[in-house]
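*Asks:* Here it is, the structure in full.
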Amino acid sequence: MTRVGSIVDRIAGLIGEGLLKPGERLLSVRAGAVEHGVSKNTMAEAYDRLVALGHVEAKQGAGYYVARVRHAAVGQQSAHVAEAVDFVSLLREQLVQSYAVRIGDGRPPPSWMERFEVGGNPRFTAASRGLTPDHGYGSPWGFLPLRERLALTLGERSITASPDQILLTQGANHALDLVARQMLEPGDTVLVDSPGYYPLFGKLRLSRINIVGVQRRHDGPDLDDLAAKAAAHKPKLFFTQSLAHNPTGGSITPAVAHRLLRIAEQHGLYVVEDDPFADVLPAASPRLAALDQLERVIYVGTFSKTLSASLRVGYVAAKRPLIDRLCDVKMLTVVSTSDYVERIVYAFIASGQYLRHLRRLKTLIGEHTEKATLALTRIGVRLPPAASGGYYLWGELPDRIDEAELVRQAAEQGIFLAPGTLFLPTRTATAPAMRINIAYADDPRFIAFLGDRLHAQGAR
């Protein structure tokens, strides 16, 4: 340890033990140098570090004093922060990736994502001509040509939205965060899918929002449950994924979508429709935003699931003036999104590379869904009636299965599972289940592990 570090630790220790009191004046730089047997420059640097760490305050012309305001220890967390972090514990493992077999991962393997050519592809070069960024912040709305292209894409999905109704974001999670910041206050209540998108639960808990789960069926939300909870709790918003639902893999039917919107109108409820797999699903799929035309529906999209999670480009579409207010919140929180990255995404689309990638991705999804369904049904996992084009299946397990013990045993064998309980806002499971990523579901190590456990339970 350096002399400076040794002095810093010694003084910080005295402060921590209460031997130096808040507001107490420390030795001058000269006297401190003599006390510690160092030069004045070394002593001055030590004091500067203590100031930077929050232990000491510098008063011009008066010297250094023990800080009166004690900062919370790094390890301390407020209760609502700890609860929010607990909700996204699964996300931490997906980012760290310490398991060999990744059944519970939310993303496909890297091999499913194209290695897009940027500078060397003639089509990309032609598509990006004249799009060189000026290295400023860019428009808070996001890169205009990309928003114009998205307006055409939404039109193909029967959603009428002009470019000035589309705000670019740092992925879907950022879009959901903007909506929550604009439309909710601490203590407000919202409805969410149950099981549903667990990172959203953590985000809402962090903002001290009350979340109430609406039972999710294979064909969409349970409408009786939705109507009852809308009447009982007077929520402001209902967050839902209509298509290729995370985690169940199901999609809403037209009949359910129509009645859902009637319930929302009856109770003055806004619906936030997250559509992360839109680019690999049929354009004519029954989207709430297409039926409602952004009157009561706020529509969220992203390129994270289908292009690259690392690019962090998404968007939110809504009616004016709501989208104007969301843009204001974006400016207040992040100023703007990356104009440079948005130009790259636009060039991928304009060059045709993204379209070719989507064709291959759809094929992979279809092939692996079929393989996963066959492998899982053979060992006795109950699956929903039909998968709908995303990455997930909801595997229901025998009632005697202990989810927590199953996850622990799998981890011992290097298998990463996503237990169903984590996708419930109450964290109280009614029946054991797991989210299964189709890309990994037929891995022999996983099938052998789960088959053995199910057989053992059935033999009891």
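*Asks:* Among the strands (runs of 3 or more DSSP E) confined wholly to the stretch 171-279, which include 3 or more residues that are open to solvent by 30 Å² or more (accessible area, probe 1.4 Å)? Working first, answer last.
*Replies:* Working: elements: 189-194, 210-217, 237-240, 270-274.
The strands (runs of 3 or more DSSP E) meeting that bar are 210-217.
*Asks:* Filtering the stretch 417-453 down to residues that are open to solvent by 10 Å² or more (accessible area, probe 1.4 Å) and of a type in the set (Val, Ile, Thr), which residue is farthest from residue 192 (Cα to Cα)?
*Replies:* 447
*Asks:* Identify, from the list 206, 260, 243, the residue that is in contact with a strand residue (DSSP E or B) (Cβ under 7 Å, 6 or more places away or on another chain) and among the hydrophobic types (A, V, I, L, M, F, W, C).
*Replies:* 260
*Asks:* Given the criteria in a loop (DSSP other than H, G, I, E, B) and within 22 Å of the chain's Cα centre (by Cα), does residue 430 qualify?
*Replies:* In short, no.
*Asks:* Continuing with the same structure: Considering every residue within the stretch 351-366, establish whether at least one is touching a helix residue (DSSP H, G or I) at 6+ places or on another chain (Cβ under 9 Å), surrounded by 20 or more Cβ atoms within 10 Å (Cβ to Cβ) and within 15 Å of residue 174 (Cβ to Cβ).
*Replies:* Among the residues of the stretch 351-366, not one is touching a helix residue (DSSP H, G or I) at 6+ places or on another chain (Cβ under 9 Å), surrounded by 20 or more Cβ atoms within 10 Å (Cβ to Cβ) and within 15 Å of residue 174 (Cβ to Cβ), which makes the answer no.
*Asks:* Determine the pairs where a residue that is farther than 14 Å from residue 307 by Cβ and in contact (Cβ under 8 Å) with a residue 12 or more places away in the chain, located within the stretch 338-350, has a partner that is open to solvent by less than 50 Å² (accessible area, probe 1.4 Å) and of a type in the set (Lys, Arg) with Cβ atoms under 7 Å apart, the partner being 6 or more residues away or on another chain.
*Replies:* If the second residue must be open to solvent by less than 50 Å² (accessible area, probe 1.4 Å) and of a type in the set (Lys, Arg), no pairs are left.
*Asks:* Looking at (1) modelled with pLDDT of 95 or more; (2) hydroxyl-bearing (Ser, Thr, Tyr); (3) over 23 Å from residue 100 (Cα atoms); (4) within 25 Å of the chain's Cα centre (by Cα), which is the one condition that is false for residue 363?
*Replies:* (4)
*Asks:* Check whether at least one residue in the stretch 338-357 is under 23 Å from the mean Cα position of the chain (by Cα) and not in a helix (DSSP H, G or I), and report yes or no.
*Replies:* yes
*Asks:* Separate question: Name the residue, out of 219, 177, that is of a type in the set (Asp, Glu) and closer than 23 Å to residue 104 by Cα.
*Replies:* 219
*Asks:* Could you tell me which numbered condition residue 410 fails, if it satisfies all but one of (1) under 25 Å from residue 303 (Cβ atoms); (2) touching a residue at least 24 places away in the same chain (Cβ under 8 Å); (3) of a type in the set (A, V, I, L, M, F, W, C)?
*Replies:* All conditions pass for residue 410, except number (1).
Yes/no per residue for (1) in contact with a Ser or Thr (Cβ under 9 Å, 6 or more places away or on another chain); (2) modelled with pLDDT under 95; (3) not polar (S, T, N, Q):
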position	(1), (2), (3)
278	yes, no, yes
289	yes, no, yes
295	no, no, yes
298	no, no, yes
301	yes, no, yes
317	no, no, yes
344	yes, yes, yes
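*Asks:* Let me ask something else about it. Being over 24 Å from residue 199 (Cα atoms) and either of a type in the set (Gly, Ala, Ser) or crowded, with 21+ Cβ neighbours inside 10 Å (or both): is that true of residue 318 here? Break it down into steps so the answer makes sense when it comes.
*Replies:* Numbers: over 24 Å from residue 199 (Cα atoms): no; either of a type in the set (Gly, Ala, Ser) or crowded, with 21+ Cβ neighbours inside 10 Å (or both): yes.
In short, no.
*Asks:* Okay, moving on. Quick one: residue 310 ticks every box in (1) closer than 26 Å to residue 425 by Cβ; (2) of a type in the set (Ser, Thr, Tyr); (3) within 18 Å of the chain's Cα centre (by Cα) bar one, so which box is it?
*Replies:* Result: residue 310 passes all but (1).
*Asks:* Then there is this: Residues of the stretch 367-392 being more than 17 Å from residue 108 (Cα to Cα), among the aliphatic types (A, V, I, L, M) and open to solvent by 30 Å² or more (accessible area, probe 1.4 Å), which ones?
*Replies:* 374, 379, 383, 386
*Asks:* Here's another thing I want to ask about it. Let me confirm something: among 21, 40, which residue is out of contact with any helix residue (DSSP H, G or I) (no Cβ under 8 Å at 6 or more places or on another chain) and surrounded by fewer than 17 Cβ atoms within 10 Å (Cβ to Cβ)?
*Replies:* 21
*Asks:* Out of the stretch 393-415, which residues are open to solvent by less than 10 Å² (accessible area, probe 1.4 Å) and in a loop (DSSP other than H, G, I, E, B)?
*Replies:* 397
*Asks:* Output the residues belonging to the stretch 304-314 that are open to solvent by 10 Å² or more (accessible area, probe 1.4 Å) and either at pLDDT 95 or above or part of a loop (DSSP other than H, G, I, E, B) (or both).
*Replies:* Once the filter is applied, which keeps residues that are open to solvent by 10 Å² or more (accessible area, probe 1.4 Å) and either at pLDDT 95 or above or part of a loop (DSSP other than H, G, I, E, B) (or both), the stretch 304-314 yields 304, 305, 308, 312.
*Asks:* List the pairs whose first member sits in the stretch 251-263 and is among the small types (Gly, Ala, Ser), whose second member is in a helix (DSSP H, G or I) and at pLDDT 95 or above, and whose Cβ atoms are under 7 Å apart, counting only residues at least 6 apart or on separate chains?
*Replies:* These pairs meet every condition: 257/288; 257/291.
The values are calculated or read from the model by the stated rules, or taken from the named source; none is laboratory data. Remember, predicted model here, so these are calculated numbers, not experimental data. Note: ideal-geometry Cβ built from the backbone for every residue, glycine included; neighbour counts use all protein chains shown. For accessibility, only protein heavy atoms count, side chains too; no ligands or nucleic acids. Shrake-Rupley method; radii C 1.70, N 1.55, O 1.52, S 1.80 Å.
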